[in-house]
Amino acid sequence: MHACTVRALLATTMLGFAAAPLAAQLAPPTQARVTAPKDVVGGTPGADYFLANYTKSEAWLKKVAGESDRIKLVNIGKTAEGRDQWMAVVSSPDNIRNLDRYRGIAQKLALAKGLTDDQARALAAEGKAVVWIDAGLHATEVTNAQSHLQVVHEMLTANDPETLRLLNDVVMLFVWANPDGLELVANWYMRDPKKVTTESIPVLYQKYIGHDDNRDSFASTQAETTNLNRAGYREWFPQILYNQHQTGPEGAVVYIPPFRDPYNFNNEPLVINQTDVVGQMMHARLVAKGMGGSVMRSGAPYSTWFNGGVRTVGYFHNQIGILTEIIGNPTPMQVPLVLKNQLPREDEVLPIKPGEWHFQQSLDYLREMDRAILDYASRYRETVLYNRYIMGRNQIAKGSEDSWVITPKRLDAAKEQAKASAGAQAATDEGGPTVVGREDRPVPAELYKTVLNDPAMRAPRAYIIPADAQADMPTTIKFLNALIKTGVEVERAPAAFSFGGKQYAAGSFVVRADQAFRPHVLDMFEPQDHPQDFAYPGGPPIRPYDITGYTLALQMNVAFDRQLDGAPEHFPLVADVMDAPPAGKVIGTGKAGWLVSHAANNSFTLSNRLLKAKAPVFWLKQATTADGKPLAPGALWIPASAKAARIVADSVGPLGLDAYALDARPSGDTMAVKSARIGLVDVYGGSMASGWTRWIFEQFEYPYTRVYPQELDRGGLNRKYDVLIFQSDVLGREGGRDRGQPEAASLPVANRSMLGRITREKTFPQVASFAKAGGTVIAIGNAAAMGPALGVPVTNVLTTKNAEGKEQAIPSSKFYVPGSIVTAKVDPADPLAFGVPETVNLFYYNSPVFSGTGDTAAARKVSWFYNDDPLVSGWAWGQKLLNGNAGIVDASLGRGKVLLLGPEVTQRGQPYPTFKLLFNGIHYGAATRSNAD
Ligand SMILES: [Zn+2]
């Protein structure tokens, strides 16, 4: 848009507003009756022993939307279980009438595209602050969704000066973050509120991923995440996001930012300051009202490093993000006396008295915290709007010129350089890696230019994703869709082009750095470099709030070229999430059958369709070629038949697979791929890793059955299953506190068979018998620790024996990899690794790693660490210990198999290339069994 048009437009609108007397804007609204929640939801939100469910909350919202001119209901999409997910837009009647205008201003300022500072100032002067408050994301954290009903009702009915001012200055977005979970937990509790606890639900409160619904924000795999991201980063562009959680630290009431270090170095600095300021305003409001027990920083482990939460993804979009964690339950509770929280300190200036605590007290806090944010947005409305523009403008500028992201590794490099130039005279006190909080002496200033701003280490101006270099194009499309879902601009070249001395095919993608959401772009393509963060030098590592390395492009094995000197010309933007990969096709006219590469995960979908129709599928054991293209071992051979022809013809297009039609079966050995009856192990309350696996299975059309401990303990498992899958979190935490389970008699009959635990004494012998009789056991992540106990002759090198001979984990001061991407080798000729790159990125989280493997069938290593510093992205301490040991082991046990997949090969539905290790394992065991029969 030309500058003059903007100005003309602004002039008219501003005139229009100026003509309306201020009194009219602030006048109390019509006196129409607005129904109170209690008249619809079956009780009073905030009362002891009552929770309103989603169905009734929704009914109330619809009713008041017809009664009040301060609210507009917006359906932001369907949930996993098919409910409508509502956002209540609340503001003054005038603002509600002009929502499109204010939404447009928020968008223009957030994207900061083509605006001058003057235009941005004028837009900020005219605009309204947009504040997002979401509740109930974690549905057992029950206070927040109940508070929403009270707060919205008050905003629709109160006429005090503060409420009218807030309504006038702010467009409030009240979001129900997890409708399915609210329905589940409220109905569960209300069966018998005096006896049932809100925590004791039998299944996850989001259909597939439960608590991980706050870990999915950059990958956007789930329906609710997609809805929240669309509303937040593509439609409404709130400047402040408030994401409500539970529970508060013991002996306190609520955690509110400021956060502790580290924050993510890709973030715009202003986002951190503003988040701290808003947090302090919230504390101050509570303290002014005499409401004690709010803590910050050292009071809890929360940081802003990880980019996967509803709150944290916002930082990478230049959005102020507030998290609170509050106590409270409809069943009255006690605030315990915790002495350290009775001594006032910077991080808790007003301690709370111990004693009985009722639900409404928590809702009173939530009301004040909501209002503190809205008050800040109202009083600093123009600043909040203009700063959003400043941040976007700064990021666009950084993406258009040479710029650097300084990380700990760069400091270490400078230190090494300083040491080298100073000779024996060490430049710093202690040498070694840069550690947070350790003292540092000045080093020669030229190192700033030569090392910290080393030209070779510039942040890219653009990433080019070549259309003809992707190992798995449909997976690359999923990666790009994840970017698009959070508002990142992706361009596609309609024709071939050359840039930076390289030729790129038509259909190649470009992600430019000169966009407002550049922090998110960098964070999705570049390794995270987490600081060495220890309690004290030589002490234990400080546990990060969540995982430390997660670069999505690296997890998904996307091929891309960094452009440091500039970006190609602009190509057309990809307008929306791409439905399907570029169409695949049948190549050639041969009549014997079809050959399909194993490298694309969608080849498993094709296999499953064929197996379902009982059309045979084989894997070629050796590498081959098709149409001159090399295919790694494991390529699918599909013999011709009418059934197969129909399935291949219908599938290759939408699945983005190329099928080579051949005149003869390729030479060499093959393995018959068999369908397998899958038992996916789950536990009472729901395993998240198992839930993610359900989601993955449904994407790739694997049928499965959920198996609970009682069934495992009964044995006879071969009658029903060919494969049993134990995910990372089903064994419970060794030595850790187990989540309690309710009494069977207190449960609905249907839930009783879910109770029980997997035990070494009762469960493992049945699982071993299952394998020995020909079954396949697949143990992933921490569950791989069961390998030695089942009889696999390997040793977990990350454990030692204590004085009593009991096995225990190596201390974290010696080895600590809290969720990072590491590199390893695989044997591409092993059927378990068919289709996996020979050097592969693995997601790894302190899980078992094995020695004692050999080339024998008893325990063959399929993937192993091959160097002293396998870290690719994140944080690793003591990683040398991994070198030479196996992460993935293929073991025979009796007539069956035990496959140990130590790394988290399905981590939160993200590392697509390593899904193949699970998929191959499912078919591989079955194939081996049939050969033996
Ligand atoms: Zn939570």
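The values are calculated or read from the model by the stated rules, or taken from the named source; none is laboratory data. Nothing here was measured: the structure is a model prediction, and the numbers come from that model. Note that we place each Cβ from the backbone using ideal geometry, even for glycine, and neighbour counts take in every protein chain shown. Heavy atoms of the whole protein, side chains included, go into the accessibility calculation; ligands, DNA and RNA do not. Shrake-Rupley method; radii C 1.70, N 1.55, O 1.52, S 1.80 Å.
Some values worked out for this structure:
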| item | result |
| --- | --- |
| In the range 798-828, the residues that are small (Gly, Ala, Ser) and open to solvent by 60 Å² or more (accessible area, probe 1.4 Å) | ALA803, ALA809 |
| Single condition LEU337 does not satisfy, out of (1) over 23 Å from ARG215 (Cα atoms); (2) open to solvent by 30 Å² or more (accessible area, probe 1.4 Å); (3) not in a loop (DSSP other than H, G, I, E, B) | (3) |
| Those residues of the range 300-334 which are within 16 Å of the ligand (Cβ to nearest atom) and either without any contact (Cβ under 8 Å) to a residue 40 or more places away in the chain or open to solvent by 20 Å² or more (accessible area, probe 1.4 Å) (or both), in sequence order | PRO301, TYR302, ASN329 |
| Condition met for GLU162 (closer than 29 Å to LYS38 by Cα, in contact (Cβ under 8 Å) with a residue 40 or more places away in the chain and surrounded by fewer than 22 Cβ atoms within 10 Å (Cβ to Cβ)) | yes |
| Elements of type strands (runs of 3 or more DSSP E) contained in the range 807-857, each with 1 or more residues being under 28 Å from the mean Cα position of the chain (by Cα), on the phi < 0 side of the Ramachandran plot and at pLDDT 95 or above | 818-826, 839-845 |
| Total residues in the range 426-470, condition at pLDDT below 95, aliphatic (A, V, I, L, M) and buried (at least 16 other Cβ atoms within 10 Å of the Cβ) | 3 |
| Selection count, the range 190-217, where residues are within 16 Å of the ligand (Cβ to nearest atom), charged (D, E, K, R) and either part of a helix (DSSP H, G or I) or open to solvent by 10 Å² or more (accessible area, probe 1.4 Å) (or both) | 4 |
| Scan of the range 81-92 for residues that are surrounded by fewer than 22 Cβ atoms within 10 Å (Cβ to Cβ) and in contact with a Pro (Cβ under 6 Å, 6 or more places away or on another chain), ordered by number | ARG83 |
| Sole exception among (1) touching a residue at least 12 places away in the same chain (Cβ under 8 Å); (2) over 23 Å from the mean Cα position of the chain (by Cα); (3) open to solvent by 60 Å² or more (accessible area, probe 1.4 Å) for GLU761, by number | (1) |
| Positions within the range 264-279 being free of Cβ contacts under 8 Å to residues at least 60 places away in the same chain and buried (at least 22 other Cβ atoms within 10 Å of the Cβ), in sequence order | THR275, GLY279 |
| Meets criteria (within 16 Å of the ligand (Cβ to nearest atom), in contact (Cβ under 8 Å) with a residue 60 or more places away in the chain, closer than 18 Å to TYR233 by Cβ and of a type outside the set (Lys, Arg)) for ILE76 | no |
| Lone qualifier among PRO616, PRO572 - being open to solvent by 10 Å² or more (accessible area, probe 1.4 Å) and farther than 29 Å from ASN229 by Cβ | PRO616 |
| Of all residues in the range 641-653 being out of contact with any helix residue (DSSP H, G or I) (no Cβ under 9 Å at 6 or more places or on another chain) and touching a residue at least 24 places away in the same chain (Cβ under 8 Å), the one that is least open to solvent (accessible area, probe 1.4 Å) | GLY653 |
| Candidate set from the range 218-227 (those that are more than 16 Å from the ligand (Cβ to nearest atom) and of a type outside the set (S, T, N, Q)); member that is surrounded by the fewest Cβ atoms within 10 Å (Cβ to Cβ) | ALA223 |
| Which numbered condition SER746 fails, given (1) open to solvent by 50 Å² or more (accessible area, probe 1.4 Å); (2) in contact with a Leu (Cβ under 6 Å, 6 or more places away or on another chain) | (2) |
| Within the range 594-615, tally of residues that are over 17 Å from ALA649 (Cβ atoms) and touching a strand residue (DSSP E or B) at 6+ places or on another chain (Cβ under 9 Å) | 3 |
| Residues satisfying the stated conditions in the range 858-885, i.e. touching a Leu at 6+ places or on another chain (Cβ under 8 Å), open to solvent by less than 30 Å² (accessible area, probe 1.4 Å) and part of a strand (DSSP E or B) | VAL862, SER863, SER873 |
| Those residues of the range 34-76 which are within 18 Å of ARG367 (Cβ to Cβ) and hydroxyl-bearing (Ser, Thr, Tyr), in sequence order | THR44, SER57 |
| Top-ranked residue of the range 228-248 - restricted to ones that are in a helix (DSSP H, G or I) and away from the ligand (no atom under 16 Å from the Cβ), ranked as farthest from ARG103 (Cα to Cα) | ASN229 |
| Matching residues in the range 241-263 - criterion: being farther than 30 Å from VAL405 by Cα, under 20 Å from the mean Cα position of the chain (by Cα) and open to solvent by less than 10 Å² (accessible area, probe 1.4 Å) | GLN244, HIS245 |
| Odd one out for LEU798 among (1) over 32 Å from the mean Cα position of the chain (by Cα); (2) modelled with pLDDT of 95 or more | (1) |
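Conditions tested, residue by residue: (1) among the aliphatic types (A, V, I, L, M); (2) more than 15 Å from the ligand (Cβ to nearest atom).
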{"position": "GLY104", "(1), (2)": "no, yes"}
{"position": "ALA112", "(1), (2)": "yes, yes"}
{"position": "GLY127", "(1), (2)": "no, yes"}
{"position": "VAL151", "(1), (2)": "yes, yes"}
{"position": "PHE174", "(1), (2)": "no, yes"}
{"position": "LEU182", "(1), (2)": "yes, no"}
